Amino acid sequence: MNKPLHRWILLADCLWIVAALLLAYGMRYGFRGAEGWTPGLVAYLPAVLAALLVWIVLSLQIGLNGMRGGWSLPNVLSEVSVSVSLLTVLLLALAFLAKQYYSRLVLIYFVLLLWPGLVIVRWLARLLVVSRHRAG
């Protein structure tokens, strides 16, 4: 697979990680204006940065683009499941060590939103590759 597509997938993953945390926070505390979100979201900034860092390292080391050896939905599902599980464990461990007491509901919503979003990113990348191949 070409490097630009891999970079676009990694960028989309990073954007989805941030969006998933914002959505999880909104689902837990309600969707209010920006002034109501700011104090609580600042506490989640280390979690987002840690999640992004861990995901970038995982993506670069393991190659989490879902296209290795041809695109296969079971392969993508298992790759994303294992990676999200590892990300979750590392995020919880880092939060525990840093004595950050995050809402369990926010973290559960985050993981439940993260997993399908990452699968959808890979599915859209596959559609892009297939459509370019068919177009010639």
Calculate, for L41 and V89, the FRET efficiency according to 1/(1 + (r/R0)^6) with r their C-beta to C-beta distance and R0 22 Å; round to the nearest 0.05. 0.40
Put +1 on the Cβ of each Lys and Arg and -1 on the Cβ of each Asp and Glu in the chain; which of W115, Y29, Q100 then has its Cα farthest toward the positive end of the dipole? W115
From the phi of every residue in the stretch 97-102, what ³J(HN,Hα) in whole Hz does the Karplus formula 6.51 cos²θ - 1.76 cosθ + 1.60 yield, where θ is phi - 60° and glycine or proline is x? 5, 8, 6, 9, 9, 7
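Could you pull out the longest piece of the chain with no exposed loop trypsin sites (Lys or Arg not before Pro) in it, calling a site exposed if DSSP puts it outside H, G, I, E, B and it has at most 16 other Cβ atoms within 10 Å?
On the way: sites that count: R32, R68, K99.
Here the longest run is 100-136.
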Ordered by residue, what ³J(HN,Hα) values in Hz, to whole numbers, does the stretch 78-93 give under the Karplus form 6.51 cos²θ - 1.76 cosθ + 1.60, where θ = phi - 60° and Gly and Pro are x? 5, 4, 5, 4, 5, 5, 5, 4, 5, 4, 5, 4, 5, 5, 5, 5
The stretch 99-136: chymotrypsin sites (Phe, Trp or Tyr not before Pro) in DSSP coil with no more than 10 other Cβ atoms inside 10 Å: Y101
Relative to the first principal axis of the alpha-carbon coordinates of the chain, what is the inclination of helix 3-29, with its axis defined by its Cα atoms, in degrees from 0 to 90 and to the nearest 10? 30
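Would you please give the FRET efficiency between S103 and N75, computed as 1/(1 + (r/R0)^6) with r the Cβ-Cβ distance and R0 = 30 Å, to the nearest 0.05? The partial results should precede the final answer.
On the way: r = 33 Å, r/R0 = 1.11.
Step by step, r from the Cβ atoms, then E = 0.35.
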Checked the stretch 53-136 against the a/c 1.5 cut and the a/b vs b/c comparison, axes a ≥ b ≥ c from its Cα gyration tensor; verdict prolate
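None of the figures in this text is laboratory data; all of them are computed from the coordinates on show. None of the values given here were measured: they were computed from a predicted structure. Note that each Cβ is placed from the backbone with ideal geometry, even for glycine, and that neighbours are counted across all protein chains shown.
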